[in-house]
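Read through the structure below, which is laid out as structure tokens, and then see the notes.
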Amino acid sequence: MTLSLSQKILIKEILALKKKKKAIILAHNYQRPEIYHVADAIGDSLNLCDLATRSKAKNIIFCGVNFMAESAAILNPNKKVYIPALDAGCALAETVDVKGLREFKKKYPNAATVCYINSTADVKAECDTICTSSNAIQIVKALPNKEVIMLPDKNLAKFVAGQVKDKKIIAWEGVCPIHQNITPAMLKKAKKDNPGAKLIIHPECATNVLEMADFIGSTSKMAEFARNDKSKKFIVVTECGMINKMKEDAPEKEFFTVCNLCYDMKKITLERVLRSLRYNQYEVKVDEKVAKKARKAFERMYELMKLKS
Ligand code: 13P
Ligand code: SF4
């Protein structure tokens, strides 16, 4: 992308201040492309959790939405995690609350509860383990339980149910509006306009959309697929920012997109990142009692990931 002069100035200031404060900047794949220029790493929800934990830096500026920064804070109680936009929420995470979840769980006493990382810390604290879009199948397979509650994304739950046939998956009825509003008709048109292009789709999309996919995966897995696949043309079906990352990773290939914008992801701007570094805005704090329980659910996720399924 071509940067404006003001963006170049902001980037220079951010990089200098980041160095001075010994901070790192982690950015989700959906972030604005100018944010990539200041990020130490760009990835999906799982990559970013891992990077936050592995990094020696004590200050982390998290360019993503709240549940991502909160996850980094839960996993790293000895580090300071900041989110440059306090109101960067996630419509999917907001479809579930603790009271509702407790009632739901009562109906299925033998089921394990697997919470998608796109959920609040309070909700994570109520769950047996956590999954992300890149390890959901692996986690559900590795659990000893035959019944599994998956929340809050019913599309991800249905996708997993299709891959793990020997378990009963009980889905919470939440969706991400950004992904849910993508329809098969939109994909058919994109395929007609771009013959021969492969369809790469995020698992938060509806089942009738996923059925058309050549590849389904997390945001980072989508990028990896496009980099390594021998095809030259891809239609990327997810949030609109994803295509920027893919074009950067594989400039020799052609990318088209069927997408919607996640406005919360776009709340992070260079100006806000600079302010975040300058004034330590906004520190993500999770009540330690909640964090302890949510951390246990994360630890279980990492244990399950080590098991062969
Ligand atoms: P990933 O973990 O695949 O990056 O997904 C996060 C997300 O919010 C998708 O909408
Ligand atoms: Fe949440 Fe959907 Fe935005 Fe992802 S794209 S952060 S699931 S609202």
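The values are calculated or read from the model by the stated rules, or taken from the named source; none is laboratory data. The model shown is predicted, which means the values in this text are computed figures rather than measured ones. When we count neighbours, we look across all protein chains shown, and the Cβ atoms used for this are built from the backbone with ideal geometry, even at glycine. Ligands, DNA and RNA are stripped out before the accessible areas are found, and what is left, the full protein with its side chains, is counted by its heavy atoms. Shrake-Rupley method; radii C 1.70, N 1.55, O 1.52, S 1.80 Å.
For the stretch 108-129 and the stretch 1-25, what is the separation of their C-alpha centers, rounded to whole Å?
Going from one Cα centre to the other spans 38 Å.
For the stretch 202-272, which GluC sites (Glu not before Pro) are in a loop by DSSP, counting at most 15 other Cβ atoms within 10 Å? Walk me through the numbers before you get to the answer.
Working: sites: Glu204, Glu211, Glu224, Glu239, Glu248, Glu252, Glu254, Glu271; in loops: Glu204, Glu211, Glu252.
Listed in order of number, the matching sites are Glu211, Glu252.
Rounded to whole Hz and in sequence order, give me ³J(HN,Hα) for the stretch 95-108 from the Karplus expression 6.51 cos²θ - 1.76 cosθ + 1.60, θ = phi - 60°, writing x for Gly and Pro.
The phi angles translate into 7, 9, 10, 4, 4, x, 5, 4, 4, 4, 4, 4, 6, 10 Hz.
For the chain, what is one quarter of the convex hull surface built on the Cα atoms, given in nm²? Spell out each step's value before the answer.
Numbers: hull surface 63.4 nm².
Answer in nm², one decimal: 15.8.
Using a 10 Å cut-off on Cβ atoms, rank the peptides 290-303, 35-48 from the highest mean neighbour count down. Display every interim value, and only then the final one.
Details: 290-303: 18.3, 35-48: 21.4.
Sorting 290-303, 35-48 by mean packing, highest first, produces 35-48, 290-303.
What does the accessible area per residue of the stretch 97-178 come to in Å², with a 1.4 Å probe and no ligands, DNA or RNA counted?
Details: 3290 Å² over 82 residues.
Per-residue value: 40 Å².
Based on DSSP H runs of at least 4 residues, each adding -39500 (n - 2.57), what is the mean residue ellipticity at 222 nm of the chain after dividing by all its residues, to the nearest 500 deg cm²/dmol?
-12500 deg cm²/dmol
Which FRET efficiency value, to the nearest 0.05, do you get for Glu103 and Tyr279 by plugging their Cβ-Cβ distance into 1/(1 + (r/R0)^6) with R0 = 30 Å? Intermediate results must be reported in sequence, preceding the final value.
Working: r = 41 Å, r/R0 = 1.37.
Result of the calculation: an efficiency of 0.15.
Given Lys158/Lys247; Lys99/Lys306; Lys18/Lys79; Lys99/Lys289, which pairs have Cα atoms separated by over 20 Å? Spell out each step's value before the answer.
Numbers: Lys158/Lys247 30 Å; Lys99/Lys306 32 Å; Lys18/Lys79 15 Å; Lys99/Lys289 17 Å.
Correct reply: Lys158/Lys247; Lys99/Lys306.
For the stretch 35-90, state which trypsin sites (Lys or Arg not before Pro) are in a DSSP loop and have at most 13 other beta carbons lying within 10 Å of their beta carbon. Please list the in-between numbers first.
Details: sites: Arg54, Lys56, Lys58, Lys79, Lys80; in loops: Lys56, Lys58, Lys79.
For trypsin sites (Lys or Arg not before Pro) across the stretch 35-90 that sit outside H, G, I, E and B with at most 13 neighbouring Cβ atoms in 10 Å, the list reads Lys56, Lys58.
Filter the chymotrypsin sites (Phe, Trp or Tyr not before Pro) in the stretch 168-276 down to the DSSP loop ones having no more than 15 other Cβ atoms within 10 Å, then list what survives.
Values: sites: Trp172, Phe215, Phe225, Phe234, Phe255, Phe256, Tyr263; in loops: Trp172, Tyr263.
Sites meeting the loop and neighbour criteria: Tyr263.
Would you be so kind as to identify which of Met305, Ala190, Val258 lies farthest towards the positive end of the dipole of the stretch 171-309, taking Lys and Arg as +1 and Asp and Glu as -1 on Cβ and the Cα centre as origin?
Value: Met305.
Name the cysteines of the chain that stand alone by the Cβ rule: no other cysteine Cβ under 4.7 angstrom.
For the chain, the answer is Cys49, Cys63, Cys90, Cys131, Cys176, Cys205, Cys262, because their Cβ atoms have no other cysteine Cβ under 4.7 Å.
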